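The values are calculated or read from the model by the stated rules, or taken from the named source; none is laboratory data. None of the values given here were measured: they were computed from a predicted structure. In this analysis, Cβ positions are derived from the backbone assuming ideal geometry, glycine residues included, and neighbour counts consider all displayed protein chains. Each accessible area value is taken on the protein alone, full model and side chains, heavy atoms only, with ligands, DNA and RNA left out. Shrake-Rupley method; radii C 1.70, N 1.55, O 1.52, S 1.80 Å.
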Amino acid sequence: MSDSFRQTQEQLQQQKLSQAISHQQLLQTSLVELPLMQLVDRVNTEMNDNPALEQESPFDYSDSSDYSESSDYSESSDGDGLEDYEVLTEREERQSALDDALSNIGRDDDELPVYHGGSAVAEEREEMVYGQTTSFYDQLKEQMGLLDMTPRQHDIMEYLIGSLDDDGLLRKSLDAISDELAIYRNIDATEAELREVQELLQGFDPAGIGASTLQECLLLQIDRKDPSWVKEQMEKVVTDYFEEFTRKHWDKIQSSLSLSDTQAEQVFHELRKLNPRPGASLGETVGRSLQQITPDFIVDTHDDGTVTFTLNNGELPELKVSQSFIDSMAEFQQNRDHMSRQSKEALLYIKKKVDAAQGFIEALKMRRHTLTITMRAIVQLQHQFFVDGDEASLRPMILKDVAEKTGLDLSTVSRVSNSKYAQTRWGTFPLRHFFSDSYVTQSGEELSTRQIKAALRDIVDAEDKKHPLSDDDIKAALTERGFPIARRTVAKYREKLGIPIARLRK
């Protein structure tokens, strides 16, 4: 064979830079994307699948973490048992799951028993109702028909119902509502008159509807309970120790009211039955709707212009690694030198479940951190909007601005912004509402496209419909308002707003 056809084989060593995404990173990414209600479902599924993952007792007095207004309330399950009995039952079932698992070492992991929590009765899946059923407002208007009101009171009540937030609270001030009624309904109503109608609304079901604050909402619910010692203590907690209550400082409340452990558990157990979102509960009694929105953030604008926010944890449970699994793992490891094959398999199983539980808890903490710093950046960048609620106050802001301010990846900011909602004094908005591209003028001035569009719509709305403005006329009007943009830009924004050309607006 000639040299020209000779084949040779060589081994070459090369360095390549590649990035592998770990299972933990994938888990964190998937949890960040989930809105609150889907996250609750995801957590419950994880608890069902992993017996080493369990819920913290709500009366763990060592917990002194902050408590957001909308968080950590949950509907209590039916039954008269106290929380200590429920916690004991939970622990017994966790231990039973562990015992069952250890007795089945050697079988495939998919065949191992899975702890489903709660009672031993088979879980009944709730039938999901798709589409819109009887609306929240229709339910309240039906209750209006049961009251003997004057036509004037009827009009005011209708307006108050239309002003309720999605959770059923009336956060808009009566002074603002009085102005709106005068402008839009030609009704000159005093604050005292509005308060009288609001009190009628607060008599509707479910209890808490029409309250101005969370504290008032809870007190309205307590007020409907039958007289008892527990009711008196609940009123004291919400009236005199509301800040401690919202921050879960159970030990301070118990000490201040001189309650025994059993008494404290009774009171706190009943308090947790209260619903901070009565509007949402009314929707659930009619049928769950896919259109219902649960805000992930609660943004508060204070009178001094300070803007704060809290994460809405809803019915999201606090999680911990099961102590029985930790103790069993420690016991096996102490005898590691003299372990049988079955014991080694048991140790591997327990370690796998404990590691998965710890990883899931860590991913939830990372999600909370990511959401917090993202929302903090948005509030800082769009502070003026949260103060006055004027869309014209929204400054140019893109994903890159938030990413640079938080140190997060663009993709992470995008995932948070595309699926989360914020409840503000001015309404509930998707986070993407706060983002806006910019338009740079010839002089180098950066303007928000949202501001320009809002001004353009105002100009068109105010024009003489018999003589509508041309794009050149709109350009001149925008320039007078401080938006010096080109005529072709006017045409582009007009088309995006769905506004036809001048001759079609007559």
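Net charge near Asp179, counting Lys/Arg +1 and Asp/Glu -1 over other residues with Cβ under 13 Å of its Cβ?
Working: positive: Lys172, Arg185; negative: Asp175, Glu180, Asp188, Glu191.
Surrounding charge for Asp179 is -2.
Classify the range 282-418 as rounded, prolate or oblate, taking a ≥ b ≥ c as the square roots of the eigenvalues of its Cα gyration tensor: rounded when a/c is under 1.5, otherwise prolate if a/b is larger than b/c and oblate if not.
Working: a/c = 3.31, a/b = 2.26, b/c = 1.47.
Because a/c hits 1.5 or more and a/b exceeds b/c, the range 282-418 counts as prolate.
Output the relative contact order of the range 173-280, whole-number percent, from Cα pairs under 8 angstrom with separation of 6+ residues.
21
Could you tell me the relative contact order of the range 346-419? Use alpha-carbon pairs under 8 Å, at least six residues apart, and round to a whole percent.
It rounds to 24 percent for the range 346-419.
Ignoring ligands, DNA and RNA, please state the percent of accessible area on the range 136-234 from carbon and sulfur, probe 1.4 Å.
That fraction is 47 percent.
Can you run phi through the Karplus equation (6.51, -1.76, 1.60; θ = phi - 60°) for the range 378-392 and list ³J(HN,Hα) in whole Hz, with x for Gly and Pro?
5, 4, 5, 6, 10, 3, 5, 5, 5, 7, 10, x, 8, 4, 5
What number, in percent, do you get for the relative contact order of the range 256-399 if the mean sequence gap of Cα pairs under 8 Å and at least 6 apart is divided by its residue count?
18
Around Arg415, with a cut-off of 11 angstrom between Cβ atoms, what is the net charge of the other residues, counting Lys and Arg +1 and Asp and Glu -1?
Surrounding charge for Arg415 is 0.
Which distance in nm do the two modelled labels at Glu56 and Lys465 give, with both placed 7 Å along the Cα-to-Cβ direction?
With each label placed 7 Å out from Cα toward Cβ, I get 5.9 nm.
First select every other residue whose beta carbon is under 10 angstrom from the beta carbon of Ile156; then total the charges, Lys and Arg +1, Asp and Glu -1.
Working: positive: Arg152, Arg185; negative: Asp155, Glu158, Glu193, Glu196.
Taking every other residue near Ile156 into account, the sum is -2.
For the range 154-242, rounded, prolate or oblate, judged on the Cα gyration tensor with a ≥ b ≥ c (square roots of eigenvalues), a/c < 1.5 rounded, else prolate if a/b > b/c?
prolate
Show me the ranking of peptides 36-44, 373-381, 171-179, 142-150 by mean Cβ neighbours inside 10 Å, starting with the highest.
So the order, starting with the most tightly packed, is 373-381, 36-44, 171-179, 142-150.
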